[in-house]
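**Q** The structure under discussion is supplied below as structure tokens; questions concerning it will follow.
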Amino acid sequence: MRIIVLIVSFLIGLNSFSQNKQVLYDFAGLPQTLLLNPGLEIDYKFHIGVPLLSGFSSEIGSTGFSLSEIFAVNNNTITEKISTVLNKIDANDYLKVNTQIEVFSAGFRFDKKTYVSFGFYQELDAIGYAPVDALTLINEGNTSYLNKSFSISEMIFKLDVLGVIHAGISRKVSDKLTLGGRFKVYSSALNLETTNNQGTFTTRLGNNNIYTHHLDNINYNARTSGLISNNEYISASTFIENSLLGGNLGAGIDLGFTYHVTPQLQFSGSLLDLGFVHHTKDIKNNLIEGSYTFEGIEFEFDSNRNYWQELDAALKEQLPIVDNQDSYTSWRPAKVNAAMKYSFGEKRSKYCYDNTLKDFYTNAFGVQLYSVFRPLRQQFAFTSFYEKSFSNILQAKITHTIDDYSYYNIG
């Protein structure tokens, strides 16, 4: 917990700039780029990754607001800061966290046209959308919002922690076309999600009391796996085991291609994480359905009635919370990449895997479109880039990305 607090404090305290993961795409000198497009051209005989170091990425981002706006040191109270943020955001804004650690990776050339790669990585991926109505109700109360219906449909959250075993193949079909694919086995250690919720909370002037509160057509479903087992939270050791083929399993594929229109003009694209996880172990789901109208409590003097127990019983009768362990399927966030690159400048040659010379150009520029499917809507990023080869062993790439977070993301 002390480490988590330290990291969060660091993130809150800094206004930082970071590079986007798209900087790796189509950077053929790095084997990790095969995870972004299994159909890229590969020049080397083999590769072996350094465990936990060769591939590590971490991202935390929010749209509509920043944490520093809430925790900034100024003369405003925390209530005023939260109200300011609530006036800025809408239900499309979100907070996203993604971390990926490559535990092991390797690859080798099977023949002159075929390259095989495989490995194992762990990933944490979470996204939560801003429940503006619920936050407004909690922060400001309902007195100023009579007859307004606060919706619970904005309660959208999804978190996945899983291990991924993968194996892929890249094959040069012709001088112009290279195709590739990757098969993945997902082992989910933890899944938390709630989507497609319905219902409203409305306060109106009452007949028998000042206010009448209406919970109408509530349909709320929260699903979890890997969190609770036998009514106890899962231990850290079990959590780690579940990410190593001990948890809820699923499968997915990556597909990709590279096509040379001319020796200098290249198109490439990929479809990643087209897959699912079927959850059957350590499941605890909560379902709330129904409607409830509450006009307050009419107290009686000299009475031994337990008013709060009666209220609790009435609420549970009208809005029962049903726990179950029904299995369910969650879908991975599929990703799409598409890029165009034009190479130019001095034409050089270098020795390739089969001791032949391969021509390449010292400069290249291009554009790339990235998209990921999320519960509420697709998210996009548009990247322009420039590559420079200084020698056979030294290459550089600079990117400028426009996404939901920023218009000036430099990598």
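The values are calculated or read from the model by the stated rules, or taken from the named source; none is laboratory data. Keep in mind that what you see is a predicted model, and the values were worked out from it rather than measured. Neighbour counts are summed over all protein chains in view; Cβ atoms, including those assigned to glycine, are modelled from backbone coordinates with ideal geometry. These accessible areas exclude ligands, DNA and RNA; they are computed on the full protein's heavy atoms, side chains included. Shrake-Rupley method; radii C 1.70, N 1.55, O 1.52, S 1.80 Å.
**Q** Per residue, how much accessible area does the chain have with a 1.4 Å probe, in Å²?
**A** Details: 23090 Å² over 411 residues.
That works out to 56 Å² for each residue.
**Q** Another one. Figure the gain on full extension for Asn207 and Thr238 (residue separation times 0.36 nm, minus the Cα-Cα span) and round it to one decimal in nm.
**A** On the way: separation 31, 0.36 × 31 = 11.16 nm, distance 5.51 nm.
Taking 0.36 nm per residue and subtracting the Cα distance, the gain is 5.6 nm.
**Q** Out of the range 92-141, which trypsin sites (Lys or Arg not before Pro) are coil in DSSP terms and have no more than 14 other C-beta atoms within 10 Å?
**A** Those that pass, being in a loop and sparsely packed, are Lys112, Lys113.
**Q** Based on the alpha-carbon gyration tensor of the range 174-251 and its eigenvalue square roots a ≥ b ≥ c, which shape applies: rounded if a/c is under 1.5, prolate if not and a/b is larger than b/c, or oblate? Don't skip to the answer; put the middle values down first.
**A** On the way: a/c = 6.23, a/b = 1.91, b/c = 3.27.
It is oblate, given that a/c is not under 1.5 and a/b is not larger than b/c.
**Q** Using a ≥ b ≥ c from the Cα gyration tensor of the range 204-295 (square roots of the eigenvalues), is it rounded, prolate or oblate, where a/c under 1.5 gives rounded and otherwise the larger of a/b and b/c decides, a/b for prolate? Provide the component values of the computation, followed by the final result.
**A** On the way: a/c = 4.77, a/b = 1.73, b/c = 2.76.
Judged from the Cα gyration tensor, the range 204-295 comes out oblate (a/c at least 1.5, b/c at or above a/b).
**Q** Tell me which label goes with the value of semi-axes √(5λ) of the Cα gyration tensor in Å computed from the coordinates here: (i) 51, 25, 18; (ii) 85, 25, 16; (iii) 40, 27, 18.
**A** Matching the structure shown: (i).
**Q** Report the full-extension gain for the segment Tyr342 to Lys112: residue separation times 0.36 nm, less the Cα-Cα distance, to one decimal in nm. All intermediate terms of the calculation are to be shown ahead of the outcome.
**A** Working: separation 230, 0.36 × 230 = 82.80 nm, distance 2.53 nm.
Taking Tyr342 through Lys112 to full extension adds about 80.3 nm, to one decimal.
**Q** Tell me the label-point distance for the pair Glu317, Asn147, using the 7 Å Cα-to-Cβ offset, in nm and rounded to one decimal.
**A** Rounded to a tenth, the inter-label distance reads 3.2 nm.
**Q** Another question, if that's okay. On a 0 to 90° scale, report how tilted helix 78-88 is relative to the longest principal axis of the chain, with both axes built from alpha carbons and the result rounded to the nearest 10.
**A** With rounding to tens, the tilt is 60 degrees.
**Q** Using a cut-off of under 16 Å, list every residue of the range 372-398 whose amide N is near the label point 7 Å from the Cα of Asn363 along the Cα-to-beta-carbon line.
**A** Flagged as within label range: 385-391, 396-398.
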